[in-house]
1. Conditions: (1) in a loop (DSSP other than H, G, I, E, B); (2) free of Cβ contacts under 8 Å to residues at least 12 places away in the same chain. Residue 171 meets all but one. Number of the miss?
2. Of the residues in the stretch 187-221, how many are modelled with pLDDT of 95 or more and within 30 Å of residue 134 (Cβ to Cβ)?
3. Could you pull out the residue among 76, 106 that is surrounded by fewer than 20 Cβ atoms within 10 Å (Cβ to Cβ) and more than 21 Å from residue 209 (Cα to Cα)?
4. May I ask you to say which residue of 131, 116 is touching an Asp or Glu at 6+ places or on another chain (Cβ under 9 Å) and within 16 Å of residue 34 (Cα to Cα)?
5. Confirm whether residue 83 is touching a residue at least 40 places away in the same chain (Cβ under 8 Å) and part of a strand (DSSP E or B).
6. Name the residue that is farthest from residue 121 (Cα to Cα), counting only residues in the stretch 174-205 that are surrounded by fewer than 20 Cβ atoms within 10 Å (Cβ to Cβ) and of a type in the set (A, V, I, L, M).
7. Which of the numbered conditions does residue 129 fail, given that it passes all the others? Conditions: (1) surrounded by 15 or more Cβ atoms within 10 Å (Cβ to Cβ); (2) closer than 18 Å to residue 43 by Cα.
Amino acid sequence: MKYTIITGFFFIHFMGLWAQTTIGDSDALYREDQFYFGLTYNTFSDTPNSFSQSGFSPGLKLGFIRDFPINSKRTIAIALGLGYAFNTYSENIKITELADVFQYEIVNANSFKKNRFSHHGIEIPLEFRWRTSSPQEYKFWRIYAGFKASYVFASNYLFENSAGRTRLDHLNLNPWQYGLTLSLGYNNWNGYLYYGLNPMFRDAYVDQDELELKSVKIGLMFYFL
């Protein structure tokens, strides 16, 4: 993964230099959508039997993404960025830790008041962009499809029932989360979809079956110059 990201940075840098030498000086500074802010509803694919979400699971993301136009009209571009994301998941998988070993079980949704885990991550989005913009037009259609890798640097879990509260830090999550992304819309309002390609947890089992939860995020994305 590390070498893939480094290669991507070099590729984007080369494409940016090529685009600047290809496009006339009059529009040399024209770029689009280089800051982003997003809100999502978080859910999962590849869930085990009897799995259910027990509450609203929000996500937030923000960052900077460098836009490199690659055609003369600057309506097609490649972009590479860096950002921050916070995600929470409320569901009915109870996590316990004993002697540095994490255990997972499906519990009845009526047996707890709170059961959720959350994590903070550094995002590295890579996008192929199409839009109908121009240097004079600030309202336009866009379709941005891409790939995003996220490095999880902090996580925690909270379980609360009538007997008390349990909190765990530094969960056994895969440190690198990655998946496919799609943003499309008009002007400020853009739908957003993320589909995770790798499991969220490492070496996790429920009833001897591997826990292969993959993150799915649906929401809104806002872009700014």
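1. Of everything listed in (1) in a loop (DSSP other than H, G, I, E, B); (2) free of Cβ contacts under 8 Å to residues at least 12 places away in the same chain, residue 171 misses just condition (2).
2. 8
3. Answer to the selection: 76.
4. Details: 116 fails: within 16 Å of residue 34 (Cα to Cα).
Testing whether each residue is touching an Asp or Glu at 6+ places or on another chain (Cβ under 9 Å) and within 16 Å of residue 34 (Cα to Cα) leaves just 131.
5. Values: touching a residue at least 40 places away in the same chain (Cβ under 8 Å): yes; part of a strand (DSSP E or B): yes.
Yes: the conditions hold for residue 83.
6. 184
7. Of the numbered conditions (1) surrounded by 15 or more Cβ atoms within 10 Å (Cβ to Cβ); (2) closer than 18 Å to residue 43 by Cα, the odd one out for residue 129 is (2).
A quick yes/no check of all residues on (1) at pLDDT 95 or above; (2) in contact with a Leu (Cβ under 7 Å, 6 or more places away or on another chain):
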| residue | (1), (2) |
| --- | --- |
| 104 | yes, yes |
| 128 | yes, no |
| 132 | no, no |
| 147 | yes, yes |
| 150 | yes, no |
| 153 | yes, no |
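The values are calculated or read from the model by the stated rules, or taken from the named source; none is laboratory data. Just so you know, these numbers come straight off a predicted model, no measurement behind them. When we count neighbours, we look across all protein chains shown, and the Cβ atoms used for this are built from the backbone with ideal geometry, even at glycine.
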